[in-house]
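The structure appears below as structure tokens.
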Amino acid sequence: MNNETSASKTAESILDVLEYKGLLSWISSVDHKQIGIMYFVTSLLFLLVGVSEAMVMRTQLIKPNNHLLSPVTYNQVFSMHGTTMVFLAVMPLLIGFMIYFVPLMIGARDMAFPRMNALGYWLYLMGGLLLYFSFFTGDTLHMGWSAYAPLTETNYSMNKYMIGTGVDYWIIGILLTGAGSIMSSINILATVAFLRTPDMKLNLVPLFVWMSAANAVLILLAVPALNVALVMLFIDRHLHGFFFNPVAGGEPLLWEHYFWFFGHPEVYILILPGFGIISEVIPVFSQKPIFGYAFLAVATIAIAFLSFGVWAHHMFATGMDRTVYYVFALASMLIAIPTGVKIFNWIATMWGGSIKFETAMMFAVAFIMQFTIGGLSGVAFATVPIDWALTHTYFVVAHFHYTLLGGTLFTVMAGFYYWYPKITGRMLSEMLGKIQFWLMVIGFNGTFFILFFAGLEGMPRRVYTYRNLPYLANINLISSLSAYVLALGILLFFINLVVSLKKGKLAGDNPWDGWTLEWATTSPPPPHNFDRIPPVRSLRPLLDLKRERAGAGALDFYEGENG
Ligand code: HEM
Ligand SMILES: [Cu+2]
């Protein structure tokens, strides 16, 4: 691979590296750090698109009987918002963190298959672009991000908008990104299995790496189910197939089974690496080792395993057999146990620590609270009659934004404030960060907490407007105004990212006094990652090194873990 003579040794920031390398080296790159940065840039741009779509929706909903958008346009906007956020923004953001940091955290030179790594990225980019090309055809997916068949089948449609090619762009776009994420997962698993620095035993692997590996397994088992369903849908649409079309003996529920067999694990795919980020950030900023490392690792495996046995809780309103309800309701509630274990462990880690409230830590703490609300409202849905009452209302919208936005997106923010110095060589502005944090916390909870009540009032989701019923106008006005505050916070984040690239404080190798291997090399790391890899004898190799240098001797493993 290109130049082993590390030009970045003298680099003060990523900008020197960019100047040194030029555009072509990015396009042809197979370096995991460069590819990671390409994931970050692309997915952040898609995040901006998704947020803009959200603002359009909240503006349409700001008052009852509003006609800013036509019903069909509104449908397209929420369908593209959901698809974009899930497949093009949040999932690749997390994959970006995995690809950039897993090799660094295990002391590897690169990923196991660098070329496949690049291919995964390009498939993702092409898939995302293809999806948005559908806008130019005048027809775009408008049946929601779950694209329920047979609504998505041309031959079943009575609406001229359904006959176009929007769904085809969606099918092929999602197939490409799916293929890309499968490649990344194979790569992550091979990297963690075979490229760890020799003395990093399995019980010394950082939690972010553990959770990335679990995530890769989930992607490998879940995404193919979606891909199969997409191919079947394509066959139905173009090759006279009838998999999902009841008119010719097809089975519409089959789509829902395939989709949610992918879709439920997918929501864990969208959170596990976030759990991993939090499990790195909280101990460092509490200045205490993680509490219950083994419990966290085992709880991750338990969540990953259970997540494949609960998909039909998305189908409680379809009239399945009673026994099916019992099984899926019970399995869904079981997931609360390992999730609770994690929340307990993070809080226990903070307990009695001397906490440094830097921006990264603030996002981590807000994450714990918001994700708990998201999780508890999810348990409510596992109770079948509650699901019957609230499904397809704004209660659902509030619930999953508490897990995906108040949960995952907050962990992504924590991740950027924590690791941006390593990636770029410069710190993000803490002052902007704290303003951004408060705008996002206030804006987010203002937008979505009140939507639980819109749901309880019976306001249906996926409908372009609502009648002027008591409370609904007020609830929606508050929600929309808060959404603008939230968007302002997110905008500030982008400003911070760009401004700090040039103006940020120089980071040095280890600005947070971190303990894991990525902090042992320069910021940004040289192309070959490490000149020397420190020995790994505990979960906190850099702390051992520091103590050794101070003449205090290394911690033994037990102390390394607990105290
Ligand atoms: C930036 C702030 C955001 C706002 C204000 C927002 C707002 C909304 C609203 C109002 C809807 C419901 C539309 C309807 O049912 O009529 C919606 C749907 C949705 N949002 Fe968001 N959202 C935001 C961010 C996110 C993020 C970060 C994610 C995911 C990681 C996300 C994922 C989804 C999904 C999957 C849907 C469902 C789309 C569908 O029904 O097919 N949103 N959002
Ligand atoms: Cu689910």
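The values are calculated or read from the model by the stated rules, or taken from the named source; none is laboratory data. Predicted, not measured: the structure shown is a model, and the values here were computed from it. Neighbour counts are summed over all protein chains in view; Cβ atoms, including those assigned to glycine, are modelled from backbone coordinates with ideal geometry. The area values use the complete protein model at the heavy-atom level, side chains included, leaving out ligands, DNA and RNA. Shrake-Rupley method; radii C 1.70, N 1.55, O 1.52, S 1.80 Å.
A few notes on this one:
- Kirkwood Rh in Å, taken over region 334-401 so that all alpha-carbon pairs contribute: 13.7
- Residue ranking by accessible heavy-atom surface, 1.4 Å probe, largest first, among GLU12, GLU19, GLU518 comes out as GLU19, GLU12, GLU518.
- Virtual spin-label span in nm between MET116 and ASP321, 7 Å along Cα→Cβ: 3.9
- Each of TYR124, TYR484 has its accessible area taken with a 1.4 Å probe; listed largest first, they run TYR484, TYR124.
- Of LYS356/LYS434; LYS33/LYS288; LYS342/LYS422; LYS356/LYS502; LYS201/LYS356; LYS33/LYS422, pairs whose Cα-Cα distance is over 19 Å: LYS33/LYS288; LYS342/LYS422; LYS356/LYS502; LYS201/LYS356
- The portion of the accessible surface of region 10-532 made up by carbon and sulfur, rounded to a whole percent, is 73 (1.4 Å probe; DNA, RNA and ligands excluded).
- Taking each residue as 0.36 nm, the span from SER52 to TRP26 lengthens on full extension beyond its C-alpha to C-alpha distance by 6.6 nm.
- Of the residues TRP210, TRP512, ranked by 1.4 Å probe accessible area with the largest first, the sequence reads TRP210, TRP512.
- Label zone at ALA550 (point 7 Å along Cα-to-Cβ), backbone N below 17 Å, region 276-320: 284-289
- Exposed loop sites here are trypsin sites (Lys or Arg not before Pro) assigned a DSSP state other than H, G, I, E or B and surrounded by at most 10 other beta carbons within 10 Å; excluding them, the longest clear run of the chain is 1-466.
- Extreme residue, positive dipole direction of the chain, given options TYR74, PRO421, ILE368 (C-beta unit charges): PRO421
- Think of a 1.4 Å ball rolled over the protein heavy atoms: region 10-532 then has 37 Å² of accessible area per residue.
- Rough spin-label spacing in nm, given labels placed 7 Å along Cα→Cβ, for ILE301 and ASN468: 6.1
- Taking all Cα pairs closer than 8 Å and separated by 6 or more residues, the relative contact order of region 10-532 comes to 18 percent.
- Once the Cβ-Cβ distance of ILE337 and MET369 is raised to the sixth power relative to R0 = 25 Å, the FRET efficiency obtained is 0.80.
- Cross-link partners of LYS503 among aspartates and glutamates, defined as those whose alpha carbon lies under 17 angstrom from its own and excluding same-chain residues fewer than eight positions apart: GLU12, ASP16, GLU19, GLU430.
- At an R0 of 25 angstrom, the distance between the Cβ atoms of TRP438 and VAL379 translates into a FRET efficiency of 0.30.
- Nearest-ten-degree value, helix 14-27 long axis tilted from longest Cα axis of the chain: 50
- Taking label positions 7 Å along the Cα-Cβ direction at both ILE495 and GLU251, the computed distance is 5.5 nm, reported to one decimal.
- Prolate/oblate/rounded label for the chain (Cα gyration tensor, a/c 1.5): prolate
- Evaluated over the Cα positions of region 60-119, the convex hull gives a direction-averaged projected area, one quarter of its surface, of 6.2 nm².
- Computed per residue of the chain from DSSP H runs no shorter than four, each worth -39500 (n - 2.57), the mean residue ellipticity at 222 nm is -21500 deg cm²/dmol.
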